[in-house]
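> The structure's right below; bear with me while I get my questions together.
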């Protein structure tokens, strides 16, 4: 139960941060804590992520950086799968669902082997 409280509490903290600078600082602090929990130096993380050590320092201090650097950093820390929580995949609208359903096949066509099973005739033989 305490874990759920901590997660909810942290979510409220991020939700209530109104300035971009404060949000960047909180994100940098979290990334730094994740790095330290993995017992990694900034240099080791920079090498693994393929970015400069200076970029790691800037991110952890709450400075702005390129999105590709953040993605590389998250991947190296094993946090990339959490991106779905940050930006969830949009749901299909009801109108789009109707369009998809209307385009789906309603009937199956007969195959050529079914048609060729009996030779064609005028019906005079009967």
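The values are calculated or read from the model by the stated rules, or taken from the named source; none is laboratory data. All values reported here derive from a predicted model rather than from experimental measurement. With ideal geometry, Cβ positions are generated from the backbone for all residues, glycine too; neighbour counts draw on all protein chains shown.
> Quick test of your reading of the structure: residue 111 fulfils all but one of (1) under 37 Å from the mean Cα position of the chain (by Cα); (2) modelled with pLDDT under 85. Name the failing condition by number.
Among (1) under 37 Å from the mean Cα position of the chain (by Cα); (2) modelled with pLDDT under 85, the lone unmet condition for residue 111 is (1).
> Quick one: in the range 35-59, of everything that is part of a loop (DSSP other than H, G, I, E, B) and in contact with a helix residue (DSSP H, G or I) (Cβ under 7 Å, 6 or more places away or on another chain), which residue is surrounded by the fewest Cβ atoms within 10 Å (Cβ to Cβ)? Talk me through it step by step, then tell me what you get.
We begin by selecting, within the range 35-59, every residue part of a loop (DSSP other than H, G, I, E, B); these are 38-41, 50-52.
Add one more test, that the residue is in contact with a helix residue (DSSP H, G or I) (Cβ under 7 Å, 6 or more places away or on another chain), and what stays is 50-52.
Numbers: 50: 12, 51: 20, 52: 14.
Looking at the filtered set, the residue picked out is 50.
> Additional query: If residue 101 satisfies all but one of (1) under 25 Å from residue 49 (Cβ atoms); (2) modelled with pLDDT under 75, what's the number of the condition it fails?
So residue 101 meets the others, but not (1).
> Output the residues belonging to the range 16-34 that are in a loop (DSSP other than H, G, I, E, B) and either over 24 Å from the mean Cα position of the chain (by Cα) or loosely packed, with under 12 Cβ neighbours inside 10 Å (or both).
Taking the range 16-34 first, the residues in a loop (DSSP other than H, G, I, E, B) are 17-19.
Scanning the range 16-34 gives 18, 19.
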